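The values are calculated or read from the model by the stated rules, or taken from the named source; none is laboratory data. Note that the structure is predicted; figures quoted are calculated from it, not measured. No Cβ is skipped: glycine too gets one built from the backbone with ideal geometry, and neighbour counts run over all protein chains shown. The accessibility values were calculated without ligands, DNA or RNA, using every heavy atom of the protein model including side chains. Shrake-Rupley method; radii C 1.70, N 1.55, O 1.52, S 1.80 Å.
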Amino acid sequence: MKTIKNIKILALTTVIAFTAFNCSDNDNNTIYENPIDFSGTYTQEDQMGRPAVNTVFTSGSNKDMFNVTVPSQQNATFQSMFQTNLEALSPAYAQPGDQNALGLNAATFTGLLATDVLNVSLDGTTTFFDGTNVLTGRALADDVITVELLLIFGGEDFTENPGLSDDNVDMNDKTFLTSFPYLASPW
């Protein structure tokens, strides 16, 4: 609960800071005269670029370590653990040379997963997976967990292990808004 509270506080602080920094009542392009003081010590509590990856592939006490490891060091630190856990978990990677639908073997795929960052397509579709584009970002309505399950359990053409390849949650419980803040109001 403490981590969720810290994330909410950080998100609120970021929104307030962004708003305060970018708002001005004059039209002479003067940047906000009294910027918010961000001095102090901040600590990273969680990473969720690719939800469930840490939960599934990081063993026990290493979960907190994964959350505070900078992405540039995650692959070297966690890839072998991710690969061991993937091969134990998924029959789609049982044989050497087995690949997922992206054409990635266990070592390459877990190297990709072990670095918890979102790629961004600057000139194409931004999506976790839309049937053609894969891991080019993450749109709000993307079914991220099902995509991850397909890549983990679905084999070379997404047909292996169908009972493990879908979370069976096909839509949000509320319709997304068409303008900012895009998320529906809470229940």
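What the table below lists for this structure:
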| item | result |
| --- | --- |
| Meets criteria (at pLDDT 85 or above, closer than 27 Å to Asn161 by Cα and crowded, with 19+ Cβ neighbours inside 10 Å) for Ala101 | no |
| Odd one out for Gly163, checked against (1) part of a loop (DSSP other than H, G, I, E, B); (2) open to solvent by 40 Å² or more (accessible area, probe 1.4 Å) | (1) |
| Qualifying residue in region 137-151 (condition: buried (at least 18 other Cβ atoms within 10 Å of the Cβ) and farther than 18 Å from Pro51 by Cβ) | no |
| Residue among Ala114, Ala94, Ala106 that is at pLDDT below 85 and within 16 Å of Gln83 (Cα to Cα) | Ala94 |
| Index of the failed condition, Val117 passing every other in (1) part of a loop (DSSP other than H, G, I, E, B); (2) in contact with a Ser or Thr (Cβ under 7 Å, 6 or more places away or on another chain) | (2) |
| Meets criteria (part of a loop (DSSP other than H, G, I, E, B) and over 17 Å from Leu164 (Cα atoms)) for Gly111 | no |
| Matching residues, region 139-155, being part of a helix (DSSP H, G or I) and in contact (Cβ under 8 Å) with a residue 60 or more places away in the chain | Val144, Ile145, Glu148, Ile152, Phe153, Gly155 |
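Conditions tested, residue by residue: (1) surrounded by 12 or more Cβ atoms within 10 Å (Cβ to Cβ); (2) closer than 17 Å to Glu148 by Cβ.
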site	(1), (2)
Asn62	yes, no
Ala76	yes, no
Ala92	yes, yes
Val120	no, no
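Let's see how each residue does on (1) among the polar types (S, T, N, Q); (2) open to solvent by 60 Å² or more (accessible area, probe 1.4 Å); (3) in a helix (DSSP H, G or I):
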site	(1), (2), (3)
Arg50	no, no, no
Val56	no, yes, yes
Ser59	yes, no, no
Pro96	no, yes, no
